[in-house]
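Trainee: Please see the structure below; I have some questions.
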Amino acid sequence: MTSAPSIRARRRWFAPTLVDYDRAWLSKDIVAGLAAGAVVVPQAMAYATIADLPVQVGLYTCIVPMVVYALLGGSRAMSVSTTSTIATLTATTLVSAGVAAGADDPLGTLMVLTLLVGVFLVLARLARLGGLVENISGATVLGLKIGVGATVAVGQLPKLLGESENFSGHGFVRSLVAVAQALDGANIPTVVLSVASITLLVVLKRLAPAIPGTLIVVVGGILLVAIAGIDRLGVDLIQPVPSGFPTPVLPDFSSIGAIVPGALAIAVMAFLESTAVARGIRRPAEPPIDSDQELLATGAANVVGSFFSSMPAAGGFSQSAVNQNAGARTQVSTLVTVGLAVLVALFLGPVLSLLPQATLAAMVFVAVVGLIDVPQLIRWSRISPVDFWIALVVALVGLSAGLLVAVAVGVIVTLVLVLRELNTPRLSITARSGDVIAVHLGRGLYTANALANERAIVDLATTQQPQVSAVVLDLERMDAITITVLDALHDLDRELSAAGIVLHVAALPTRAGAVAAKTSWYRGLAEQGRVHATVGEGIADATV
């Protein structure tokens, strides 16, 4: 008979937050799910407009992807739908792929984009790349968010003035031009509604954060249309919202080559945002967040969601914070939010169709302005100039060359910095006996840093006072070894020998030692008694 612990162990990959669920948590999860839904549903609809997609696409992103994450994700309170960053990259990718604003049927291309994002995330999970992706620096992410915030904020200004066309996916410069063109034809009632909506959102966020400002603004905008008829004054409404559950769509692979770079950029940002949110809201008593599990959960959410007209999905901080602060104990709260979104999709389409376009633009504007974290940038300029310049350069690239280019630049810069750090030798003398020293490698040797470490060891050994006659090299960190590394060690032996210094190696792990023993140089080293099991043994033999 299978024991209960083994059953729980098998289930831990599926609905891990529901293992050993306590019924006493149900009331808290229900309240939290409703509170999060009041934020995430209108916010997701607003974010859909960033990509110039129908608002119901944002609503659909609150259904299938959230269910999938609730069943696979490891965060107890994270809410997974779309975010301003992901929506902006989606807009940029669709524009780059030639899916024009207002296209008759952009959903086929959107499906392929979301599917690719999910596939990339799942492949990263299979390759266990969770830790590697997390090496992307905070400076890169900050620069991207500043670029996203400025681009989207400026792109919403024409809508706030009464212009119907969306420019978020066309870049910062073109959005500025659109703002200048929209000034002459600004609609005063639209401007008044926009200013009032932004003011209300900011005031509620600062003075009464527990009140769902987005819901208040949406309800207020709908009432102004239904009762006061402000649409007759030239205030544009969103496109009619159909009632019903999202139905599967057919993929449109005609632009797949153009959207692959964007899908890869979105996948990277989706994972970074999701893991950052999951770890940021995790309570100390909760299980740690597993990067590979988050890759699988977020990837599966996108793969399945793609068949139901979903935008690329990721963990969002604002709705997740609302969910947690309202008392969410598990992902049951997310399922409650999904239930609320389903009800809205089934029954409130005609009501949502009365929503002013400027109201959604105001919600987006307030949300993305918060991404332009200039105080953080200034703080980094004092603490870490390197991080400051990385963030600034990535932001400027995003504003000038586009956000997809900025993501690529950010990833390349991060990898260069990581490789530079890994390739910098970290040597220390851990023991000395007469004219014999033991040198410890702070990092293992591999192809890229072998030559740098060889030179550093030679410099360290030949500059010691008094002069040394032997070096015992501690290789305990060498779990794996390559031909390049073995050649570098052979060269090190020759360099030290030319300087009158004998090289001994110690503590080489068994697996690496078996590979090294296949070379004549290492076998000769062993025959001469210069291979040792421990550093202490090496020092003792070298001192004799």
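The values are calculated or read from the model by the stated rules, or taken from the named source; none is laboratory data. The structure presented is a predicted model; accordingly, all values stated were derived computationally and were not measured. As a convention, Cβ positions derive from the backbone with ideal geometry for all residues, glycine included, and neighbour counts pool all protein chains shown.
Trainee: Kindly evaluate residue 373 against the criterion of being surrounded by 14 or more Cβ atoms within 10 Å (Cβ to Cβ), closer than 30 Å to residue 537 by Cβ and of a type in the set (Asp, Glu).
Mentor: No, not satisfied.
Trainee: Of the residues that make up region 247-256, is at least one in contact with a Phe, Trp or Tyr (Cβ under 7 Å, 6 or more places away or on another chain), exposed (fewer than 15 other Cβ atoms within 10 Å of the Cβ) and assigned to a loop (DSSP other than H, G, I, E, B)?
Mentor: The answer is yes, given that some residue of region 247-256 is in contact with a Phe, Trp or Tyr (Cβ under 7 Å, 6 or more places away or on another chain), exposed (fewer than 15 other Cβ atoms within 10 Å of the Cβ) and assigned to a loop (DSSP other than H, G, I, E, B).
Trainee: Here's something else I'd like to know. Go through (1) farther than 15 Å from residue 278 by Cα; (2) under 27 Å from the mean Cα position of the chain (by Cα) for residue 356 and report which single condition fails.
Mentor: (2)
Trainee: Is it the case, given these coordinates, that residue 328 is surrounded by 18 or more Cβ atoms within 10 Å (Cβ to Cβ), assigned by TED's automatic domain parsing to the domain that holds residue 251 and under 18 Å from the mean Cα position of the chain (by Cα)?
Mentor: The answer is no for residue 328.
Trainee: Can you confirm whether region 59-78 contains a residue that is more than 20 Å from residue 262 (Cα to Cα) and at pLDDT below 85?
Mentor: no
Conditions tested, residue by residue: (1) within 30 Å of residue 95 (Cβ to Cβ); (2) among the aromatic types (Phe, Trp, Tyr); (3) exposed (fewer than 14 other Cβ atoms within 10 Å of the Cβ).
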site	(1), (2), (3)
408	yes, no, no
430	no, no, yes
478	no, no, no
491	no, no, no
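Trainee: Then there is this: Enumerate the pairs (first residue in region 485-514 and in the same structural domain as residue 460 (by TED's automatic domain parsing) and within 13 Å of residue 462 (Cβ to Cβ); second residue anywhere and assigned to a helix (DSSP H, G or I) and polar (S, T, N, Q)) with beta-carbon separation below 7 Å, excluding pairs fewer than 6 apart on the same chain, so at least 6 apart or on different chains.
Mentor: Once the first residue is in the same structural domain as residue 460 (by TED's automatic domain parsing) and within 13 Å of residue 462 (Cβ to Cβ) and sits in region 485-514, its partners that are assigned to a helix (DSSP H, G or I) and polar (S, T, N, Q) give 499/462.
Trainee: Oh, and also: Are any residues in region 430-478 small (Gly, Ala, Ser), more than 19 Å from residue 540 (Cβ to Cβ), part of a loop (DSSP other than H, G, I, E, B) and out of contact with any Ser or Thr (no Cβ under 8 Å at 6 or more places or on another chain), and if so, which ones?
Mentor: 444, 448
Trainee: Now for a separate question. Do the conditions hold for residue 341, that is, is it in contact with a Cys (Cβ under 6 Å, 6 or more places away or on another chain) and in the same structural domain as residue 160 (by TED's automatic domain parsing)?
Mentor: Judged against the criteria, residue 341 is a match.
Trainee: Quick one: which residue in 531, 472, 468, 515 is touching a Leu at 6+ places or on another chain (Cβ under 7 Å) and modelled with pLDDT of 90 or more?
Mentor: Checking each option against the conditions leaves just 531.
Trainee: Please verify whether region 516-534 includes one or more residues that are in contact (Cβ under 8 Å) with a residue 40 or more places away in the chain, surrounded by 14 or more Cβ atoms within 10 Å (Cβ to Cβ) and of a type outside the set (Asp, Glu).
Mentor: Applying the first criterion (in contact (Cβ under 8 Å) with a residue 40 or more places away in the chain) to region 516-534 yields 532.
Now narrow it down to the ones that are surrounded by 14 or more Cβ atoms within 10 Å (Cβ to Cβ): 532.
So of that shortlist, the ones also of a type outside the set (Asp, Glu) come out as 532.
There is at least one residue in region 516-534 that is in contact (Cβ under 8 Å) with a residue 40 or more places away in the chain, surrounded by 14 or more Cβ atoms within 10 Å (Cβ to Cβ) and of a type outside the set (Asp, Glu).
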